[in-house]
Amino acid sequence: MYKLLFKSFFRTKIFLVSLVLLITVGTVSILIGKQYLVKQEKTIVAAQEFQKESVKRILKYNDKDIGLLLYYLKFTLVKKPANISAISIGQSDVNPLLQAVTIRGLEGQKYDTDFENPSLLMSGNLDLGFVIIYLFPLVLIAMTFNLYSEEKELGTWRILAAQTSKKGKFLFNKLIVRILFVFAIFVFLMFLASGILQIPMNQNFWAIFFHSLLYLLFWSALCLFTVSLLKNSSFNALALISIWVVLTILFPAVVNNYVINKYQVPEALDAMVEQRDGYHEKWDLEKNATMTDFYEAYPQFNHYPVPEDRFSWIWYYGMQHMGDLAAKETSAEMMEKITLRNTISEKVALFVPTMHAQLSFNNLAGTDMVSHLSFLKALTQFHEQLRLNFYPRIFDRKPANSVNWEKHDTKFYIAEYNFSWIYLMLPTFFITIVITFFGLFNLRKL
Amino acid sequence: MRKNVIYLLARQLCTDAIRSKVMGIASILMVFLLSFSVYSGWENYHDQNNTRDAIQGEVQESWENNPDKHPHRMAHYGSFAIRIKHILSVFDLGMENFVGNAVFLEAHKQNTVNFSEASMSTGLLRFGEVSLAMLLKVIVPLLIFYLGFATIARERENGTLKLLIGQGITRKEIVFGKWLGLWSLSLLFLFTVFIVLLFFVVIESHDVMQAESPFRYSILLVSYILFFGILSAITILVSAFSKTAKGALVKLLGIWLLFVIIVPKSLQAIGYYLYPTPSKIEMETAVEHDLIKQGDSHNPDDPHFKAIKDSVLLANNVEKVADLPFNYGGFIMAKGEALSTKVYLEHQEKLYDVYRKQNNLERYSAFVNPYTAIKNLSTALSGTDFKSFLHFKGKAEAYRFKLAQEMNRLQMDLIPNKGKAGPNIISRDYWKKFPPFEYNFLNTTKVFKNEIISILALFLWGVLGVLGLLRLSTNLKAI
């Protein structure tokens, strides 16, 4: 029976259209992912060269004064790109891949953005994740909305009904054929992506793989349920497209608007001003105003004297650090709020498979908000290490060549991934089961 | 064509539609979405602008409260430019949340505009945002299709079309009657949105910055009326040329998906694919490279800066820089600032050129996709397009340059050269004299110039729609 069902399905127009559409757009999305990876690589190479060149150039004219040298020198921390990120580019186009910082105040450098065309940011990346979340359901809808109604409208249903007693099973099998076809394209695209993008078949890859399958099953269940209502084709098309619009556009957008408004982040701007003022006002104050707090933060340096009547580097870098300290609290509040935005979104997403899929993909690909926040945390540590390493040399007025500059090349931050299979799969699985149950229940009456 | 017949047919379509189930569900959904977007749009506009206004004020206050000091210290103290939202951003969010909001302005350095809402958001942002314009651009077109797909196709299926023609109603009257009916139905949604919006425009009309918004508002209204007219025409045409109502619906849904979701995004992606953007670090390397070629200020023996020094010594007839009648340090920094800014802006222009090329693919697709035309026009008029952002960025950079050069000038005029007697600081009164950063929105005439393609495309679509309807009037099949 399946053989015949497949045969008749392969003869439909929608089969050919879907096949061409999904394969083309899917391949394009993989190529876009490839380009994204290439751009990242190029950026990293540029950063490495920049670092080497600038050390050489600045060293040439400032080898006497290591304090001044380090005023200029930038050190780069790169978030090591994982190839899997090309499947779900997520927020990684908004947030920079790397940050080059001097040992001066970090707050003023931490949030610098990379250049990206805002039109592109707005329309979002056409990555494989998009194809899975948006286009695959559409194809499923297009292939199944008239599963029953077409036969009814063409009059073939009555002939069929006369020949079989298991009409429900027949419809179900027809649906299975279509789902299997969609699955086949999906599996093909995933392996194509894995090949072209050189994604290792690790846990994260399989997590995206199985979550996508589950997501497609969810949509299949929705289609099954709609078909099981035995309405006409127009109703089905209208209903399914409306559900699609609500689930992939309206609902997530409403949640996002709500979260953005509810948890506004004025702290971002406040911290920016606090940092500048916290640093600059120290120029006009007694040197003690800086040094007391600086010694408290780093008691290991309190044996370095600070001349009261003239400029000294310890005072200067102390002032710089005061800027960071002044903004510290507000900055931490800002991070908390952003984390809260993420937590709330994730919670709501548990009930909405589209949102859950998007957030999970980003999480698994290391392109979500959390991943960027941990990069920022690593950057803060990186910055402190640099400072603590250089401070004694500056304060001791060591010559520039006392530092092994070769060692200070571009550094990489390797993101940690962790996820739980239950959290990933259970919500959508449960929703799918419920919908399938109601769908099959309706078909039983046929 | 008899007016009263057309009117009658149009009214018939409206009353039928209003009684339909689709309309019932759609209305409930629209009321919810409308209230939500009004609430969130206004809250966002209001709160954000309040915060930003307050911070911009604080920034100015702290600038003026600086004590007497060396002007170059003030050049490093710098200032901030905070972007203010246009009142019409309540209507169309456009790129609002994808561009930065604040930039630190200091001597020697062009900083990036940071803290975009997108940089503080989760991946959900990519599903899009709900705004009044989003309802009109994305949801209402779908409703028009839902409400209109059956108009002619079903009448033909039922045989009532034949009856109408038999009763002496011309085909032209039927086509235009249906069209007007569907169009007026869609205007119901449009006017609801615009009445609410009018309220906001009026509230903010006291603000001189928003002075042009009533004008922008009216242009928006006209554009959307035209856009809905085009969509209604497309619906009628598809319905008339389809054998069955079901066929018409499927076609219209396909058109909606293609034009609203798939094509714009794909074209943007293809544009990006064809013209890759350099990363910031690549551009900064290039800027630095060009600067060093012209003159390396770090190098004490640099020929460029040495030549400047020699010529300035010669012109003032002195032997040492210390004897110059102005502060040499301030002079050199002014030269350096002018040079580095010029080089930076040249590179930035090249970058924007790449962006423009990337966007053009989608922009020109307005001639095949009316949604693109209205999308670009709507964001531009709402002050939330890329050009509006660049306008802000340009203003901020101009202010930064002015600030740095003013401080350099003060240094030249008032600070003695090294080794000469005199105070090393100047009075704080000079800080007060320097005007604060003031932002105004892009001139509406400029907006028209930027969007000439969208306007042209929308207009052409309007003409095309009417021509299509006229053609249909002659060869509408009754059975």
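Remarks
- Förster radius 56 Å - calculated FRET efficiency between B:R73 and B:S218 (Cβ-Cβ, nearest 0.05): 0.65
- Interchain or long-range residues, amide H under 5 Å from A:F412's placed H: A:V78
- Peptide A:421-427 - average C-beta neighbours from other chains (10 Å radius): 0
- Averaged over peptide B:252-263, the number of partner chain Cβ atoms lying within 10 Å of each residue's Cβ comes to 3.
- Spin-label pair B:R11/B:K306, simplified geometry with 7 Å Cα→Cβ offset, distance in nm: 9.3 nm
- Residue-span extension gain [B:T244 to B:S427] - 0.36 nm each, minus C-alpha spacing: 57.6 nm
- Helix B:328-364 and the longest principal axis of the Cα set of chain B meet at an angle near 10°.
- Inter-label distance, A:L340 to A:Q163: 6.4 nm, where each label sits 7 Å from its Cα along the C-beta direction.
- Cα long-axis angle, helix A:287-297 against chain A (0 to 90 degrees, to the nearest 10): 50 degrees
- Residue pairs, from the table A:K282/B:K320; A:K39/B:K137; A:K169/A:K231; B:K69/B:K402; A:K74/A:K328; B:K3/B:K449, whose Cα atoms sit over 28 Å apart: A:K282/B:K320; A:K39/B:K137; B:K3/B:K449
- Couplings for the range B:249-254, taken from phi via the Karplus curve 6.51 cos²θ - 1.76 cosθ + 1.60 with θ = phi - 60°, read 4, 4, 4, 5, 4, x Hz in order; Gly and Pro are left as x.
- What separates the Cα centres of the range B:369-414 and the range A:229-299 is a distance of 24 Å.
- Phi-based couplings in Hz for the range A:379-396 (Karplus 6.51, -1.76, 1.60; Gly and Pro marked x): 5, 4, 5, 4, 5, 5, 4, 4, 4, 5, 6, 8, 3, x, 5, 5, 5, 7
- Panel order for B:E284, B:E157, by other beta carbons found within 10 Å of each beta carbon, from fewest to most: B:E157, B:E284.
- Amide proton proximity set for B:K109, modelled H, under 5 Å, gap of 5+: none
- Cross-link table A:K34/A:K110; B:K265/B:K375; A:K60/B:K293; A:K80/A:K110, entries beyond 19 Å C-alpha to C-alpha: A:K34/A:K110
- Stretching B:I195 away from B:R19 to a fully extended chain increases their span by 61.0 nm, per 0.36 nm per residue minus the current alpha-carbon distance.
- Separation in nanometres of the label points that stand 7 Å from Cα toward Cβ, at B:N316 and B:F32: 7.4 nm
- Taking the C-alpha atoms only, the angle from helix B:452-475 to the longest principal axis of chain B is near 10 degrees.
- Ordering of A:27-35, A:47-55, B:310-318 by packing [mean C-beta count within 10 Å, highest first]: A:27-35, A:47-55, B:310-318
- At R0 = 51 Å, FRET efficiency that the Cβ-Cβ distance of A:T156 and B:A211 yields, to 0.05: 0.15
- Using a Förster distance of 25 Å, the FRET efficiency for A:F210-A:R444 (Cβ separation, nearest 0.05): 0.30
- Burial ordering of B:F145, B:F189, A:F235, fewest other beta-carbon atoms within 10 Å first: A:F235, B:F189, B:F145
- Remark: A:S194, B:S232 ranked as A:S194, B:S232, counting other beta-carbon atoms within 10 Å and listing the fewest first.
- Each residue of the range A:408-421 was assigned a 3J(HN,Hα) from its phi angle through the Karplus curve 6.51 cos²θ - 1.76 cosθ + 1.60 (θ = phi - 60°); the sequence is 8, 9, 5, 9, 10, 10, 9, 6, 9, 10, 8, 8, 10, 4 Hz, with glycine and proline shown as x.
- Counting Cβ atoms of other protein chains within 10 Å of each Cβ in B:269-279 and taking the mean gives 6.
- Taking amide H atoms as placed 1.01 Å from N in the peptide plane, the amide H of A:F75 lies under 5 Å from those of A:V101, A:T102, each 5 or more residues away in sequence or on another chain.
Read-outs throughout are calculated quantities, based only on the coordinates presented, and are distinct from any laboratory measurement. Note that this is a predicted model, so its numbers are computed, not measured. Cβ atoms come from the backbone with ideal geometry, glycine included; neighbour counts cover every protein chain shown.
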